[in-house]
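Right, one structure below, let's go through it.
The values are calculated or read from the model by the stated rules, or taken from the named source; none is laboratory data. Worth saying up front: this structure is predicted, and the values here are computed from it rather than measured. Positions of Cβ are backbone-derived with ideal geometry, glycine not excepted, and every protein chain shown enters the neighbour counts. Only protein heavy atoms, including side chains, enter the accessible area calculation; ligands, DNA and RNA are left aside. Shrake-Rupley method; radii C 1.70, N 1.55, O 1.52, S 1.80 Å.
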Amino acid sequence: MSTPKRPLFCALTVSALLLTPMSSMGESALTTQGSASASLQLRIIIPPVMRVMENSHPQLLDTSVGGEASAEQRLVVQSNMKRGFCVSLRRAAPQLGAWDLQTTPQSGVQLSALPDGYRVCGTRPGHYTLVLQHRFAISERHIEALRWPVQTDISAI
(Lines give C-alpha, C1' and ligand atoms only; values in the text may rest on other atoms or scores of the structure.)
Protein backbone atom coordinates (compact mmCIF):
# COMPACT_ATOMS: atom_id res chain seq x y z
CA MET A 1 0.00 0.00 0.00
CA SER A 2 2.95 2.26 0.30
CA THR A 3 3.70 2.26 -3.43
CA PRO A 4 0.44 4.04 -4.60
CA LYS A 5 0.96 6.84 -2.03
CA ARG A 6 4.49 7.60 -3.20
CA PRO A 7 3.58 8.63 -6.80
CA LEU A 8 0.68 10.67 -5.47
CA PHE A 9 2.99 12.44 -3.04
CA CYS A 10 5.48 13.20 -5.81
CA ALA A 11 2.72 14.55 -8.08
CA LEU A 12 1.37 16.82 -5.33
CA THR A 13 4.87 18.11 -4.53
CA VAL A 14 5.62 18.94 -8.17
CA SER A 15 2.22 20.67 -8.53
CA ALA A 16 2.84 22.73 -5.41
CA LEU A 17 6.24 23.83 -6.67
CA LEU A 18 4.85 24.85 -10.04
CA LEU A 19 2.05 26.88 -8.48
CA THR A 20 4.27 28.64 -5.93
CA PRO A 21 5.28 32.15 -7.09
CA MET A 22 8.99 32.39 -7.70
CA SER A 23 11.17 35.23 -6.47
CA SER A 24 12.20 36.13 -10.02
CA MET A 25 8.63 36.78 -11.14
CA GLY A 26 8.77 40.33 -9.74
CA GLU A 27 11.76 41.18 -11.94
CA SER A 28 10.04 40.16 -15.12
CA ALA A 29 6.76 41.97 -14.55
CA LEU A 30 5.79 44.78 -16.91
CA THR A 31 5.05 48.22 -15.53
CA THR A 32 3.55 51.21 -17.26
CA GLN A 33 4.23 53.79 -14.56
CA GLY A 34 7.45 55.20 -15.96
CA SER A 35 10.47 54.36 -17.94
CA ALA A 36 13.94 53.40 -16.94
CA SER A 37 17.02 54.31 -18.83
CA ALA A 38 20.69 53.91 -18.27
CA SER A 39 23.78 55.20 -19.97
CA LEU A 40 27.28 53.90 -19.82
CA GLN A 41 30.34 55.94 -20.66
CA LEU A 42 33.61 54.10 -21.15
CA ARG A 43 36.92 55.90 -21.12
CA ILE A 44 39.94 53.86 -22.09
CA ILE A 45 43.29 55.40 -21.27
CA ILE A 46 46.34 53.96 -22.97
CA PRO A 47 49.48 55.06 -21.17
CA PRO A 48 52.29 56.49 -23.29
CA VAL A 49 54.97 53.89 -23.95
CA MET A 50 58.42 54.35 -25.38
CA ARG A 51 60.53 51.20 -25.20
CA VAL A 52 64.01 50.45 -26.49
CA MET A 53 63.74 46.84 -27.57
CA GLU A 54 67.35 46.56 -28.76
CA ASN A 55 70.48 48.69 -28.70
CA SER A 56 73.28 46.51 -30.04
CA HIS A 57 76.76 47.58 -31.03
CA PRO A 58 80.29 46.26 -30.57
CA GLN A 59 81.78 46.74 -27.12
CA LEU A 60 85.21 47.57 -28.54
CA LEU A 61 86.28 49.31 -31.73
CA ASP A 62 89.38 48.18 -33.58
CA THR A 63 91.32 51.38 -34.25
CA SER A 64 94.48 49.81 -35.66
CA VAL A 65 93.47 50.32 -39.31
CA GLY A 66 94.86 53.72 -40.28
CA GLY A 67 93.47 55.60 -37.29
CA GLU A 68 89.89 54.98 -38.35
CA ALA A 69 87.15 52.78 -37.00
CA SER A 70 83.69 51.90 -38.20
CA ALA A 71 80.84 50.06 -36.56
CA GLU A 72 77.16 49.30 -36.95
CA GLN A 73 74.61 50.06 -34.25
CA ARG A 74 71.15 48.50 -34.36
CA LEU A 75 68.48 50.39 -32.45
CA VAL A 76 64.91 49.05 -32.21
CA VAL A 77 62.37 51.39 -30.63
CA GLN A 78 58.65 50.88 -30.06
CA SER A 79 56.55 53.93 -29.24
CA ASN A 80 52.91 54.95 -29.07
CA MET A 81 53.78 58.62 -28.43
CA LYS A 82 51.64 60.85 -30.66
CA ARG A 83 54.49 63.12 -31.74
CA GLY A 84 57.21 60.48 -31.66
CA PHE A 85 60.61 60.32 -29.98
CA CYS A 86 64.22 61.40 -30.43
CA VAL A 87 67.44 59.52 -29.82
CA SER A 88 70.47 61.67 -28.99
CA LEU A 89 73.83 60.13 -29.84
CA ARG A 90 76.69 61.93 -28.09
CA ARG A 91 80.45 61.56 -28.22
CA ALA A 92 81.57 59.83 -25.01
CA ALA A 93 85.29 59.48 -25.84
CA PRO A 94 87.64 62.45 -26.18
CA GLN A 95 89.95 60.39 -28.44
CA LEU A 96 87.49 60.71 -31.28
CA GLY A 97 88.25 63.08 -34.10
CA ALA A 98 85.71 63.36 -36.90
CA TRP A 99 82.55 61.29 -36.57
CA ASP A 100 80.19 60.48 -39.41
CA LEU A 101 76.81 58.80 -39.01
CA GLN A 102 74.67 57.36 -41.80
CA THR A 103 71.36 55.52 -41.73
CA THR A 104 69.18 54.01 -44.41
CA PRO A 105 66.32 56.30 -45.42
CA GLN A 106 63.15 55.31 -43.60
CA SER A 107 59.71 56.88 -43.59
CA GLY A 108 59.08 58.99 -40.50
CA VAL A 109 62.77 59.14 -39.41
CA GLN A 110 64.86 62.30 -39.41
CA LEU A 111 68.65 62.42 -38.88
CA SER A 112 70.26 65.71 -37.92
CA ALA A 113 73.75 66.71 -36.79
CA LEU A 114 74.32 68.40 -33.42
CA PRO A 115 77.47 70.16 -32.17
CA ASP A 116 78.36 67.17 -29.97
CA GLY A 117 76.77 64.32 -31.94
CA TYR A 118 73.61 63.43 -33.80
CA ARG A 119 69.87 63.25 -33.25
CA VAL A 120 67.60 60.62 -34.82
CA CYS A 121 63.87 61.29 -34.46
CA GLY A 122 60.81 59.14 -35.18
CA THR A 123 57.97 61.54 -35.95
CA ARG A 124 54.97 59.29 -35.33
CA PRO A 125 53.94 56.26 -33.23
CA GLY A 126 55.22 52.92 -34.42
CA HIS A 127 57.92 50.27 -34.40
CA TYR A 128 61.28 51.51 -35.68
CA THR A 129 64.35 49.46 -36.58
CA LEU A 130 67.28 51.80 -37.12
CA VAL A 131 70.59 50.55 -38.51
CA LEU A 132 73.18 53.24 -37.87
CA GLN A 133 76.59 53.19 -39.56
CA HIS A 134 79.24 55.02 -37.51
CA ARG A 135 82.65 56.07 -38.89
CA PHE A 136 85.20 57.51 -36.49
CA ALA A 137 88.56 59.16 -37.04
CA ILE A 138 90.79 58.46 -34.03
CA SER A 139 93.00 61.41 -33.12
CA GLU A 140 95.38 59.40 -30.88
CA ARG A 141 97.19 56.91 -33.14
CA HIS A 142 98.63 54.64 -30.42
CA ILE A 143 95.22 53.34 -29.27
CA GLU A 144 94.58 49.79 -30.55
CA ALA A 145 91.03 49.36 -29.20
CA LEU A 146 88.46 51.79 -27.88
CA ARG A 147 85.38 51.12 -25.79
CA TRP A 148 82.10 52.00 -27.51
CA PRO A 149 82.40 55.80 -27.77
CA VAL A 150 78.75 56.79 -28.17
CA GLN A 151 76.28 57.64 -25.41
CA THR A 152 72.67 56.98 -26.43
CA ASP A 153 69.75 58.83 -24.79
CA ILE A 154 66.09 58.64 -25.79
CA SER A 155 63.35 61.17 -25.09
CA ALA A 156 59.74 61.86 -26.05
CA ILE A 157 58.91 64.75 -28.34
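Data for the structure
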| read-out | value |
| --- | --- |
| When residues of segment 59-86 are limited to those that are more than 18 Å from the chain's Cα centre (by Cα) and of a type in the set (A, V, I, L, M, F, W, C), the one surrounded by the most Cβ atoms within 10 Å (Cβ to Cβ) | 61 |
| Hey, residue 91 within 22 Å of the chain's Cα centre (by Cα), at pLDDT below 90 and of a type in the set (Lys, Arg) or not | no |
| Count of residues meeting criterion [out of contact with any Lys or Arg (no Cβ under 7 Å at 6 or more places or on another chain) and on the phi > 0 side of the Ramachandran plot] in segment 100-136 | 1 |
| Criterion: touching a Leu at 6+ places or on another chain (Cβ under 9 Å) and not in a strand (DSSP E or B) - qualifying residue of 102, 106 | 106 |
| Conditions (1) at pLDDT 70 or above; (2) polar (S, T, N, Q); (3) more than 30 Å from residue 148 (Cβ to Cβ): number failed by residue 28 | (1) |
| Subset of segment 109-157 (residues that are modelled with pLDDT of 80 or more, open to solvent by less than 50 Å² (accessible area, probe 1.4 Å) and not in a strand (DSSP E or B)) | 148, 149 |
| Residue ID - least open to solvent (accessible area, probe 1.4 Å), chosen from residues in segment 87-99 that are assigned to a loop (DSSP other than H, G, I, E, B) and within 16 Å of residue 134 (Cβ to Cβ) | 93 |
| Test: residue 56 is under 22 Å from residue 148 (Cβ atoms), of a type in the set (Ser, Thr, Tyr), loosely packed, with under 13 Cβ neighbours inside 10 Å and out of contact with any helix residue (DSSP H, G or I) (no Cβ under 6 Å at 6 or more places or on another chain) | yes |
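Table: residues versus (1) over 30 Å from residue 87 (Cβ atoms); (2) at pLDDT below 65; (3) open to solvent by less than 100 Å² (accessible area, probe 1.4 Å); (4) of a type in the set (D, E, K, R).
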residue: 6; (1), (2), (3), (4): yes, no, no, yes
residue: 9; (1), (2), (3), (4): yes, no, no, no
residue: 12; (1), (2), (3), (4): yes, no, no, no
residue: 17; (1), (2), (3), (4): yes, yes, no, no
residue: 33; (1), (2), (3), (4): yes, no, no, no
residue: 40; (1), (2), (3), (4): yes, no, no, no
residue: 44; (1), (2), (3), (4): no, no, no, no
